[in-house]
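The values are calculated or read from the model by the stated rules, or taken from the named source; none is laboratory data. All of these numbers come straight from a predicted model, not from anything done at the bench. Note that each Cβ is placed from the backbone with ideal geometry, even for glycine, and that neighbours are counted across all protein chains shown.
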Amino acid sequence: MSRTMISPPYDPAHPYWRRILLMSFPQRLAEARHQCKLSQAQLSRATGINQSQIKRYETGLTQPSLDALRKLAMALHISIDALVFEEGERGPDDELRLAFEALATFDPEDKAMATRIIQGLILQHQAKIWSKAS
């Protein structure tokens, strides 16, 4: 079976993907299926998921398991994150994103040092959370 992708490569800043990210999971699933020019029956055959179950996912009656999400993402050539998460729900906020983009320009030695500093801050934060929970 030939699948033609007419969507652009995944880029959350691209207008197509911004629209997708504003949709609910059932809407994103149906849109991704349409972009691959697949019917529910074809997606069912590609994933091994019953067609009636795919219909339930697309109408929001049920939520897929992790295994079903993996199969759907692979068949639709999309990441699980793009299927599941809404815009801004995952990933760093804009301020941190800009800082990480700046880090990408660092030479390897400075980048390694920045990574160690960030890892130390994460450990310190986790220790603080654990000490409060005790």
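Scan the stretch 25-49 and report the pairs whose first residue is under 13 Å from Pro64 (Cβ atoms) and in the same structural domain as Leu66 (by TED's automatic domain parsing) and whose second residue is among the aromatic types (Phe, Trp, Tyr) and at pLDDT 95 or above, with Cβ atoms within less than 6 Å and a gap of 6+ or a chain change. Within 6 Å, the pairs are Leu29/Tyr57. A single entry from Pro64, Pro92 fulfils the requirement of being of a type outside the set (Val, Ile, Thr) and farther than 30 Å from Ile118 by Cα: Pro64. Evaluation of Ser79 against the conditions (1) free of Cβ contacts under 8 Å to residues at least 40 places away in the same chain; (2) within 18 Å of Glu31 (Cβ to Cβ); (3) of a type in the set (Ser, Thr, Tyr) shows that the sole unmet condition is (1). When Glu109, Glu95 are checked against the criterion of being out of contact with any His (no Cβ under 6 Å at 6 or more places or on another chain), surrounded by fewer than 10 Cβ atoms within 10 Å (Cβ to Cβ) and over 30 Å from Met23 (Cα atoms), Glu109 stands alone in meeting it.
Restricting attention to the stretch 4-47, the residues being hydroxyl-bearing (Ser, Thr, Tyr) and modelled with pLDDT of 70 or more number 4.
Just one residue in the set Leu121, Leu98, Leu76, Leu103 is among the hydrophobic types (A, V, I, L, M, F, W, C) and in the same structural domain as Leu29 (by TED's automatic domain parsing); that residue is Leu76. If you check Ala68 against the conditions, is it touching a helix residue (DSSP H, G or I) at 6+ places or on another chain (Cβ under 7 Å) and without any contact (Cβ under 8 Å) to a residue 40 or more places away in the chain? The answer is no for Ala68.
Residue count for the stretch 83-128, restricted to those that are of a type in the set (Asp, Glu), part of a loop (DSSP other than H, G, I, E, B) and modelled with pLDDT under 85: 4.
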